[in-house]
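What follows is one structure encoded as structure tokens, with my remarks underneath.
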Amino acid sequence: MSVRATVLYDAPGPRGRQLNRIITAATAAITIAILAWVLWTLQANGQLTAAKWSPFLDSLTWKTYLLPGLWGTLKAAFASILLALILGVLLGLGRLSEQTWLRWICAVIVEFFRAIPVLLLMIFAYQLFAIYNLVAPRQLAFAAVVFGLTMYNGSVIAEILRSGINSLPKGQTEAARTLGMSHRQTMWFILLPQAVAAMLPALIAQMVIALKDSALGYQIGYVEVVRSGIQSASANQNFLASLVVVAIIMILINWALTALAQRIERQLRAGRARRNIVAKVPELPDQGLATKDNVNVDWHDPDYVEIKNPGQ
């Protein structure tokens, strides 16, 4: 029996494994005891009674509080994510421009807005839009939330994009220049599509952050799901239940967004595999290239190509 060693530590022996089992059992017992104490305390204070949770079975609670707040969260998150992606691409490509003055301007914008907290950006935008009447009063809070989320997340996405493009092999750029492509054509048609596909998990993670940060609009009076949940709790006197329901709603939204990102990532990988299949299929002796009828391809693994019945 071989003992496999990891990079950080050696695999434990019999005594080490026994000690790990004891520690695991003790940790599980302590965790269960803490959860039991929390539930018992909540029950003793009447927080788990049916009266605290029954308002969420009433459609009026959802129509009056939660659904309008959920719509506000989704609306602000969608608008800010879309604008942040556009701004991030422009700033990221600007930082990689051949023009020195453009690189400096984009670098100053990115570093400035990355350094300021999102809540401070929202408050500043709210005051700015109100003083100079740049936005209608009814849309003041919404515009401030979208501005803050867009500028911060757009700056972060710009850095993600820039680092992703810089991580690509230099041969990509050299080959494009050899073919006579300009710097702009190389960025838009060669480097950018590969960088976006490679950085999709990081981009989706930033979108999830933008969705959660929309709750900061509560401080400037924006109606979103957290604010609506607290208003519902004040009306029904069930703060714990309301916060739990709001947390479940946010978890489901983030889970759906993550699942969508994983599906898109798989589709992009499969698309690259289909485009590269001609180069992956080996040439059969005396028969030329293999056809699609005798080729078995795992589209989730671009490096896997199996020739079926090569003698036929």
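The Rg/Rh ratio for region 185-276, using Cα coordinates for both the radius of gyration and the Kirkwood hydrodynamic radius, is 1.20. Packing, taken as the mean count of other beta carbons within 10 Å per residue, orders the peptides 207-217, 161-171 from highest to lowest as 207-217, 161-171. Once the chain from Phe124 to Ala175 is taken as fully extended at 0.36 nm per residue, the excess over their C-alpha distance is 13.7 nm.
When the P(r) is computed for region 143-234, the part past 16 Å accounts for 64% of the Cα-Cα pairs. I'd like the FRET efficiency for Leu42 and Lys63, computed as 1/(1 + (r/R0)^6) with the beta carbon distance as r and R0 of 30 Å, rounded to 0.05. Computed FRET efficiency for Leu42 and Lys63: 0.60.
Peptides 41-48, 146-153 ranked from most to least packed give 146-153, 41-48, packing being the mean of other C-beta atoms within 10 angstrom over each peptide's residues. Net charge dipole, region 71-270: roughly 260 debye, given to the nearest 20, about the Cα centre with Cβ charges of +1 for Lys and Arg and -1 for Asp and Glu.
Panel values: region 71-270, Kirkwood radius from alpha carbon pairs, Stokes-Einstein at 10 °C and 1.306 mPa s, translational diffusion coefficient 85 µm²/s.
Residue-normalised convex hull volume from the C-alpha trace of region 41-178: 206 Å³ per residue. Summary of packing: across the peptides 242-249, 19-26, 260-267, 87-94, the per-residue average of other C-beta atoms within 10 Å ranks them, highest first, as 87-94, 242-249, 260-267, 19-26.
Subtracting the Cα-Cα distance of Ala247 and Leu168 from their residue separation scaled by 0.36 nm leaves 24.6 nm.
If the chain linking Asn133 and Phe189 were pulled fully straight, counting 0.36 nm for each residue of separation and taking away their Cα-Cα distance, it would gain 16.0 nm.
Coordinate-derived values only; no laboratory data. Since the model is a prediction, treat every value here as computed from it, not as a measurement. Here the Cβ is made from the backbone with ideal geometry for all residues, glycine too, and neighbour counts use every protein chain on show.
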